[in-house]
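Engineer: Just dropping this structure here.
The values are calculated or read from the model by the stated rules, or taken from the named source; none is laboratory data. Because the structure is a prediction, the values reported are computed rather than measured. With ideal geometry, Cβ positions are generated from the backbone for all residues, glycine too; neighbour counts draw on all protein chains shown.
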Amino acid sequence: MLKIPTLILLCTSFFWASYAHAETIDEAMARAVKSHPSIHASRAAAEAAYQTVQEEEAALYPTATASGSFVRIYSNTTTTRGLSVSRGAGYSWFGEGSGSLSQTLYDWDATRSSIGAADFRYQSAESLSDAQVLNIALTAAQSYIQVMRAKTLLDRAQQNKSLIQGYYNRIQSAFEEGGVDKSQVSRARDILSLADNAVLQLETDMQIAQANYKEAIGDLPETDMVEPTVKASTVPETIQDAIDMAHNFNPQVRALEDDIRAADMDVSREKVSHLPTLNAEVSAFKRDQKDLVGGESEDVRGLLVANWGYSFGGAQDAAYRRALSTLRQFQNDYLALKRQIQRDVEVAWATYNLSTQRKENEKRRLAAAEETLQTYLEQYEGGQQSLLEVLSVTNARFQAQRGYFDNVYQEIGAIYNLKAVIGLPLYNHEHTDNVAAAE
């Protein structure tokens, strides 16, 4: 049989183990980012863009080609007819091989422009991947917050319903004994119906929040969830600071800036596409066959080659104009995005300030409702208040609780939303990485 100290130690260890494994909002966001398919898709797109850079850089190095063939041939030519004394034709085994090495010496920096464009597109893809990470992390955070909100309010709604049900039963009994009139029963039943509806609504809110949680993160947590907290100090001091930071840090802004740079490089490349290029080439050719059908031959060359081509149909001019139009498109998209970012920051800032101010108002309202309920309970014990008034004040206390916790979670969600719009990290990567490593 376990001794008491040992039993206490085991219980304490179990408690701390359960607490240690409770999932925080940071861990939920990290789990969402690690597992969400859209993150994997954006990272694959970035990897594809990186390989395009490698492909374009290959043009800086020599290109080697080689070919060979071996076959039995039949030939009937003036040579064979002159050398053959039987049928005027000849047979021979035929072998042929060639190889060349070509290096571009000068192309008006067209290759460098192609490499630069590919590199900027890779950076843009990386920024879009960062934007997707922020989007999924924000969705996970908002889902986590909504689950916690629904759970907190559902617990209080059930407690409120239980209290009101008890008061209603006592009023009903008093009515049956002739102590109260029917109007008080009707009013009590009306308030009980409101309490029932509140529970039903919050149960539905919980189901919706859990569905969103599973979509963002993959599945519901197998352990308890920790009450989310976020420091208001992580928010910029002024709205102008927030707008300036968003223009610098928002990954979508960075992506479009790189798209503009890439499009500008495309313009530079297409601008010189009609000019000749200079290549250095070394080639070797060898053929082996009977003298009857032509004999052996060798050819080795080293030369400079100028290549030039011009489309009289206007293909090169059209490509240049297309590159210019694409550049203008990205430039205007960039201006439009900055307007959109400013709007989003202003909306997020206003939402944050509203939730903060309303939370303080609702906090005072809740304190007043708690005080009023306590006073009514004391007055009821002294015969100064009816049970119906206590029931009404109890329900008013729940409405104050609902208003307060709604704004508590709205403020937390507003901070996360504002940080995401600006482009600030939403969770501590180092902490979550350490947790994943420990698991």
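Engineer: Just wondering, is there one or more residues in the stretch 400-417 that are of a type outside the set (F, W, Y), farther than 30 Å from Y168 by Cβ and touching a His at 6+ places or on another chain (Cβ under 6 Å)? Let's see the steps before the verdict.
Structural biologist: Step one: filter the stretch 400-417 for residues of a type outside the set (F, W, Y), giving 400-403, 406-408, 410-415, 417.
Keeping just the survivors that are farther than 30 Å from Y168 by Cβ gives 410-415, 417.
Going one step further and asking which of them are touching a His at 6+ places or on another chain (Cβ under 6 Å), we end up with none.
No, that holds for no residue.
Engineer: Across the stretch 274-302, what is the total count of residues that are over 15 Å from S98 (Cβ atoms) and part of a strand (DSSP E or B)?
Structural biologist: Qualifying residue count for the region: 4.
Engineer: Return the residues of the stretch 213-248 that are surrounded by fewer than 16 Cβ atoms within 10 Å (Cβ to Cβ) and within 27 Å of S35 (Cα to Cα); say none if nothing qualifies.
Structural biologist: Selection gives K214, E215, G218, D219, L220, E222, T223, D224, E227, T229, K231, T234.
Engineer: If you don't mind, another one. With V408, V421 as the choices, which residue is closer than 30 Å to D258 by Cα and assigned to a helix (DSSP H, G or I)? I'd like the intermediate steps shown before the answer.
Structural biologist: Details: V408 fails: closer than 30 Å to D258 by Cα.
V421 is the lone residue from the list that is closer than 30 Å to D258 by Cα and assigned to a helix (DSSP H, G or I).
Engineer: Regarding A400, is this residue assigned by TED's automatic domain parsing to the domain that holds T139 and more than 31 Å from the chain's Cα centre (by Cα)? Step through it out loud before you land on a result.
Structural biologist: Numbers: assigned by TED's automatic domain parsing to the domain that holds T139: yes; more than 31 Å from the chain's Cα centre (by Cα): yes.
It is true that A400 is assigned by TED's automatic domain parsing to the domain that holds T139 and more than 31 Å from the chain's Cα centre (by Cα).
Engineer: Return only the number of the condition from (1) surrounded by fewer than 16 Cβ atoms within 10 Å (Cβ to Cβ); (2) within 26 Å of H40 (Cβ to Cβ); (3) touching a residue at least 24 places away in the same chain (Cβ under 8 Å) that Q210 does not satisfy.
Structural biologist: (1)
Residues checked against (1) modelled with pLDDT of 95 or more; (2) buried (at least 18 other Cβ atoms within 10 Å of the Cβ); (3) small (G, A, S); (4) assigned to a helix (DSSP H, G or I):
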{"site": "A368", "(1), (2), (3), (4)": "yes, no, yes, yes"}
{"site": "Q384", "(1), (2), (3), (4)": "no, no, no, no"}
{"site": "L388", "(1), (2), (3), (4)": "no, yes, no, yes"}
{"site": "T394", "(1), (2), (3), (4)": "yes, yes, no, yes"}
{"site": "A400", "(1), (2), (3), (4)": "yes, yes, yes, yes"}
{"site": "G403", "(1), (2), (3), (4)": "yes, yes, yes, yes"}
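Engineer: Among (1) under 30 Å from S98 (Cα atoms); (2) free of Cβ contacts under 8 Å to residues at least 40 places away in the same chain; (3) surrounded by 14 or more Cβ atoms within 10 Å (Cβ to Cβ), where does A306 come up short?
Structural biologist: (3)
Engineer: For residues in the stretch 328-344 being of a type in the set (K, R) and free of Cβ contacts under 8 Å to residues at least 40 places away in the same chain, which is surrounded by the fewest Cβ atoms within 10 Å (Cβ to Cβ)?
Structural biologist: Here is the first cut: in the stretch 328-344, the residues of a type in the set (K, R) are 328, 338-339, 343.
Pick out the ones that are also free of Cβ contacts under 8 Å to residues at least 40 places away in the same chain and you get 328, 339, 343.
Working: R328: 12, R339: 10, R343: 12.
The qualifying residue surrounded by the fewest Cβ atoms within 10 Å (Cβ to Cβ) is R339.
Engineer: When you scan the stretch 176-199, how many residues do you find that are surrounded by 11 or more Cβ atoms within 10 Å (Cβ to Cβ) and either within 40 Å of the chain's Cα centre (by Cα) or part of a loop (DSSP other than H, G, I, E, B) (or both)?
Structural biologist: Selection size over the stretch 176-199: 7.
Engineer: May I ask you to verify whether D130 is out of contact with any Leu (no Cβ under 6 Å at 6 or more places or on another chain), part of a helix (DSSP H, G or I), in the same structural domain as Y404 (by TED's automatic domain parsing) and closer than 18 Å to V33 by Cα?
Structural biologist: Values: out of contact with any Leu (no Cβ under 6 Å at 6 or more places or on another chain): yes; part of a helix (DSSP H, G or I): yes; in the same structural domain as Y404 (by TED's automatic domain parsing): yes; closer than 18 Å to V33 by Cα: yes.
The answer is yes for D130.
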